[in-house]
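Values quoted throughout were computed directly from the atomic coordinates according to the rules given, and no laboratory measurement underlies them. It should be emphasised that the depicted structure is a prediction, and the values quoted were computed from it without experimental measurement. Reconstructed Cβ throughout: ideal geometry from the backbone, glycine too, with neighbour counts over all protein chains shown.
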Amino acid sequence: MKIGILSRKASLYSTRRLVAAAQERGHDVRVIDYSRCYMNITSHNPQVLLGGHPLSFDCIIPRIGASMTFYGTAVVRQFEMMGVFAANESQAISRSRDKLRALQLLARAGVGLPVTSFARSTKDIAGLIDIVGGAPLVIKLLEGTQGKGVVLAETRKAAESVVSAFREMDANILIQEFIKEAGGSDIRALVVDGKVVAAMKRQGPEGDFRSNLHRGGTATAVKLSPEERSTALRAAKVLGLGVSGVDMLRSKHGPLVMEVNSSPGLEGIERASGKDVAASIINFLEKNAHLGATKDRIKG
């Protein structure tokens, strides 16, 4: 197969692992900087071009950065118009990147979530805080990634101050209940083609409730409970993602989904779990790319 990996940096661990896994299986693989692509949008001959040359693939693996979601999904969508199979389709990527939209869809499907509130007006701060049970609580910027724009407010006064400050910046925020029993750790399950292929527990550094590896967290292998496995699979399915990292908290009420990542990093989870996640992704393409058509039928 001819496989295109849409990534802005060929040197990234995840990109290199996907290239290696594809080559080991005898596929023709090429890394494409999607930010440099341009499109010919016509009724009968849609094209994606780079450097004046049309691109042709049997399938693509989108590795779209959060800051490039709009343009990156446009490129993925154009490949879909050409009948190219995408490991994650454009609509699913957009759905997962919109944190509020994703939470609304997960809630509609009955997936366990931290109690969450959202509003625009600063006049509603008291009501927002009351919905999540008061302080301590977590305040999140909708546009934040890798733990950035996430604040733990330990008192009601601190929460009111942070919310007011964010709203003065015209930032969209979510307020969520603080799951104290999680102890600054979370679970990431890597889901590929409706199966959990690897899992890890991430523990935040001392004094930090965020467990992101980019912020100094550590990762270890973990065995998922049947409920955690089921929750991860349901979350990936609800958002329509073929490849995803489902982040969950262990609470006294069971697993709660924090986020579903459409471009999960492979380095931490492969090293912690010892699983060859890249090979699982290539195997997914081998089984499905010949279908040659998008199949997202999810409303929302």
Scope the range 216-236; condition crowded, with 16+ Cβ neighbours inside 10 Å and either in contact (Cβ under 8 Å) with a residue 24 or more places away in the chain or among the aliphatic types (A, V, I, L, M) (or both); matching residues: Ala219, Val222, Leu224, Glu228, Arg229, Thr231, Ala232, Leu233, Arg234, Ala235, Ala236
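Only one of Gly194, Gly184 is out of contact with any Asp or Glu (no Cβ under 7 Å at 6 or more places or on another chain) and on the phi > 0 side of the Ramachandran plot. Can you tell me which? Write out each step before concluding.
Values: Gly184 fails: out of contact with any Asp or Glu (no Cβ under 7 Å at 6 or more places or on another chain).
Answer to the check: Gly194.
Scan the strands (runs of 3 or more DSSP E) fully inside the range 1-114 and keep the ones with 1 or more residues being surrounded by fewer than 20 Cβ atoms within 10 Å (Cβ to Cβ). It would help to see each step written out before you state the result.
Numbers: elements: 2-6, 28-32, 38-40, 47-50, 59-62.
Those strands (runs of 3 or more DSSP E) span 2-6, 28-32, 38-40, 47-50.
Given the criteria within 30 Å of Leu6 (Cα to Cα) and within 22 Å of the chain's Cα centre (by Cα), does Val150 qualify? Full working, then the answer.
On the way: within 30 Å of Leu6 (Cα to Cα): yes; within 22 Å of the chain's Cα centre (by Cα): yes.
When the stated conditions are applied, Val150 passes them.
Can you give me the number of residues within the range 152-179 that are under 30 Å from Gly254 (Cα atoms) and outside any strand (DSSP E or B)?
Step one: filter the range 152-179 for residues under 30 Å from Gly254 (Cα atoms), giving 152-160, 162-163, 172-179.
Right, trim to outside any strand (DSSP E or B) and you get 154-160, 162-163, 172, 178-179.
Result for the range 152-179: 12.
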Those residues of the range 115-140 which are assigned to a helix (DSSP H, G or I) and closer than 27 Å to Ser67 by Cα, in sequence order: Thr122
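Quick one: in the range 251-266, of everything that is touching a Leu at 6+ places or on another chain (Cβ under 8 Å) and of a type outside the set (A, V, I, L, M), which residue is surrounded by the fewest Cβ atoms within 10 Å (Cβ to Cβ)? Steps first, please.
To start, the set of residues in the range 251-266 that are touching a Leu at 6+ places or on another chain (Cβ under 8 Å) comprises 255-258, 260, 262, 264-266.
Cutting the leftovers down to of a type outside the set (A, V, I, L, M) gives us 255, 262, 264-265.
Values: Pro255: 24, Ser262: 28, Pro264: 23, Gly265: 19.
Here the answer is Gly265.
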